[in-house]
Amino acid sequence: MAGPEKKSDVKLLAEKIKDIRIAMMTTQEADGTLRSRPMATQDVEFDGDLWFFTSSDAPKVSEVSQHHQVNISYSKPSDNLFVSVSGVAELVRDHDKIKHYWRPFYKPWFPQGLDDPTLALLKVHVEGAEYWDVPSGKMTLLYRLTKKAAGAREDIGEDIKLDMR
């Protein structure tokens, strides 16, 4: 994808995930088992990369070093919005970048703060994303799902794929 289309998809994805603080990151263990855990997305302008604080000795870091592909899922049930993001992860130990993204919010997970020698960032370069944006409220969704289950052709929302490459 080139130029304006990519910028448009980046902007659209940024809009979809901007108010969702916690995401689920899925990595692959050495034996192929998938593993997910909650991660706090950094509150920065999305430019195609997502950033997450981690400890450099956390299991997810060794998983990412073996299998770079990860999935990040976002959910905002109050708006019937669900987003799946795929990309390539890498460990970043740049102290200036760590200092830039640091917020007191992270202190419970990293009690030593910026003095923690294992404090690092996981950078996920987003390659693609898909979102489901279900219209209206819960009753409308329930009605539409019931009609669809009964065999009626019923639109229950958008399934949009974005190519970030």
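The values are calculated or read from the model by the stated rules, or taken from the named source; none is laboratory data. Model, not experiment: these values are computed from the prediction.
General observations
- When residues in region 57-95 are screened for being part of a loop (DSSP other than H, G, I, E, B) and on the phi < 0 side of the Ramachandran plot, 6 of them pass.
- Within region 28-57, tally of residues that are within 12 Å of the chain's Cα centre (by Cα), at pLDDT 90 or above and not charged (D, E, K, R): 8
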